[in-house]
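Derivation of every value follows stated rules applied to the coordinates shown; laboratory data play no part. Since the model is a prediction, treat every value here as computed from it, not as a measurement. Here the Cβ is made from the backbone with ideal geometry for all residues, glycine too, and neighbour counts use every protein chain on show.
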Amino acid sequence: MSKSSRIPGFHKMSMEERIKVVKEFADLTDEEMALLGKSSVLGIDTADRMIENVIGTFELPLGIVPNMTVNGRDILVPLAVEESSVVAALANAARMARSGGGFVASSSGPIMIGQIQTVNVSDPFAAKLKILEHREEIIDLANENDPVLVKLGGGCKDIEVRVVDSALGPMVVTHILVDTRDAMGANAVNTMAEALAPHIEKWTGGRVFLRILSNLADRRLARARCLVKKDAIPPGPEVIDGIITAWALADADPYRAATHNKGIMNGVSALVIATGNDFRAIEAGAHSYAARSGRYRSLTRWEKDENGDLVGSIEMPLAVGLVGGATVLHPMAKLAVKILGVKTATELAEIAAAVGLCQNLAALRVLAAEGVQRGHMSLHAKNIAVMAGAQGDEIDVVAQRLVQEGKVRVDRAEEILKEIRGK
């Protein structure tokens with residue numbers, strides 16, 4: 001008999017009641033049940049307030065990347081990530097980048113975009129101008145909804161209006177440009193957009209549908225660059241040409257660019273998660289920005305200067321905040337921010353950009369030198385050893401054998417483990 005996931009009032013149940021329902025639905029064992037209904041750091045009551053239908057929490061390893069220098073300041077970077085090679089690769093690349101002084105980062109300021117979509121407009125281009133004629137009024141109306149943000153120096157700063165062709169005909173889309181200061185800004189921007197909707201309908205005679213923030217935060221860009229001395233890149237200067245060649249393929253071919261940019265986000269998203277920010281928004285903004293030319297391309301650029309040294313740069317949207325959300329609710333997120341030593345969202349965004357560039361350096365160097373499998377598999381082999389049942393010192397012994405043989409598989413790990421225990 002099939003089970004139904006239609007559970008009326010599930011969100012109104014106590015956590016214990018929800019866990020009981022899940023236990024019966026999924027046939028959980030007592031050992032599995034023991035993992036639910038608790039939290040080591042966040043606190044189960046806090047978790048229950050953060051989202052609906054909580055039955056427990058989910059942990060990720062939190063690692064520290066040493067060797068990072070950003071804008072002349074040495075920092076330790078906390079990363080929350082499950083992929084075995086990310087932290088080690090970043091630490092190694094950060095050490096290489098120190099040869100040229102580390103990373104220099106800058107940003108364009110914390111401007112977010114709110115979109116107001118107007119349809120059923122018979123004269124869309126005239127409607128565009130009507131909206132622009134009310135620019136000052138729109139800015140004032142928007143800012144009435146967040147006087148605290150305005151007092152801090154933020155708020156709606158400008159507007160722009162676009163006529164967008166769509167499958168349903170032309171739509172008039174108004175953008176409000178909001179300085180959100182140290183907040184990511186979604187709630188502030190959405191509230192302003194909601195308040196403006198009836199006014200725009202009155203001025204245009206159209207109907208407003210969507211009133212929401214855009215995650216293509218191309219007015220909130222973070223940038224970083226680095227110079228890596230040719231003698232600081234193992235196994236030698238000849239790797240530089242390989243790095244540039246690998247980057248060139250990513251910039252020309254979306255099939256390669258997808259994996260190339262995913263590697264960048266390995267570092268960026270891990271930092272964003274560690275600080276309690278919205279990594280889905282950051283991912284969406286990064287990938288859409290990579291396609292802004294009409295073709296999906298690399299977020300980075302790698303060149304060789306007149307001395308033969310490697311020069312890298314990155315530019316991407318990074319709408320991170322230090323105010324609101326999990327950043328101020330989650331104890332580990334607050335701790336991560338303290339470890340970073342950042343005081344503003346702009347600083348955090350600039351470090352995130354440097355981390356993305358550093359991660360890309362690490363990946364391209366491996367690809368140009370020994371290939372991705374060698375470095376990745378040496379770390380992955382330990383996970384495979386654990387999956388096979390290895391414990392304590394057995395883990396390193398099994399992992400080394402797997403790498404030496406070039407057979408990083410669970411079945412082979414189980415065989416090696418039997419041999420070790422047999423002896």
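What to note about this one:
- Magnitude of the charge dipole, the chain, Cβ model with Lys/Arg +1 and Asp/Glu -1, debye to 20: 240
- Spatially proximal lysines relative to Lys229 (Cα-Cα < 27 Å; intrachain offsets below 8 disregarded): Lys262, Lys304
- All C-alpha to C-alpha distances of the chain, sorted into 20 Å bins beginning at zero, yield P(r) values of 22, 46, 29, 3, 0 percent in whole numbers.
- Look at Ile111, Ile384, Ile420 and count the other Cβ atoms within 10 Å of each Cβ; fewest to most, that gives Ile420, Ile111, Ile384.
- Vicinal HN-Hα couplings computed from phi for the range 29-45 (Karplus, 6.51 cos²θ - 1.76 cosθ + 1.60; Hz; Gly/Pro x): 7, 4, 5, 5, 4, 5, 7, 9, x, 8, 8, 6, 10, 4, x, 5, 5
- Take the Cα radius of gyration of the range 111-214 and divide it by 2.2 N^0.38 Å, N being the number of residues; the result is 1.02.
- Residue exposure sequence - Glu394, Glu405 - by fewest surrounding Cβ within 10 Å: Glu405, Glu394
- For the range 111-214, the relative contact order works out to 46 percent when only alpha carbon pairs closer than 8 Å and six or more residues apart are counted.
- For the chain, the longest principal axis of the Cα atoms and the long axis of helix 186-204 meet at an angle of about 30 degrees.
- The chain, relative contact order in percent, only Cα pairs under 8 angstrom and at least six apart counted: 17
- Positive dipole terminus of the range 111-214, leading residue within Thr191, Leu210, Ala167 (C-beta point charges): Ala167
- Of Lys151/Lys343; Lys338/Lys382; Lys128/Lys157; Lys38/Lys334; Lys130/Lys157; Lys3/Lys23, pairs whose Cα-Cα distance is over 23 Å: Lys338/Lys382
- Percentage relative contact order, the range 308-423, counting C-alpha pairs under 8 Å, at least six apart: 19
- Longest to shortest principal axis, alpha-carbon extents of the range 374-422, angstrom: 29, 18, 14
- Estimated distance in nm for a label pair at Val21 and Ile339, the labels positioned 7 Å out from Cα along Cα-to-Cβ: 3.6
- Inter-part distance, the range 42-75 to the range 298-322, computed on C-alpha centroids, equals 26 Å.
- Sites Lys407 and Glu83, calculated FRET efficiency, Cβ-Cβ separation with R0 25 Å, nearest 0.05: 0.75
- Proximal aspartates and glutamates to Lys12, defined as alpha-carbon separation beneath 13 angstrom and excluding residues fewer than eight positions away on the same chain: Asp48, Glu52
- Label point of Glu370 set 7 angstrom out along Cα-Cβ; within the range 382-423, amide nitrogens under 12 Å from it belong to 403-404.
- Counting neighbouring Cβ atoms within 10 Å and putting the fewest first, the residues Leu271, Leu149 line up as Leu149, Leu271.
- Over the residues of the chain, the helix contribution to mean residue ellipticity at 222 nm works out to -15000 deg cm²/dmol, using -39500 (n - 2.57) for each DSSP H run of at least 4.
- The range 302-362: GluC sites (Glu not before Pro) in DSSP coil with no more than 10 other Cβ atoms inside 10 Å: Glu306
- Stokes-Einstein D in µm²/s, Kirkwood radius over Cα pairs - the range 4-125 at 25 °C with 0.890 mPa s viscosity: 124
- Interchain or long-range residues, amide H under 5 Å from Asp158's placed H: Leu177
- Working note: Karplus 6.51/-1.76/1.60 with θ = phi - 60° gives the range 209-215 the couplings 10, 6, 9, 7, 4, 9, 7 Hz, where Gly and Pro are set to x.
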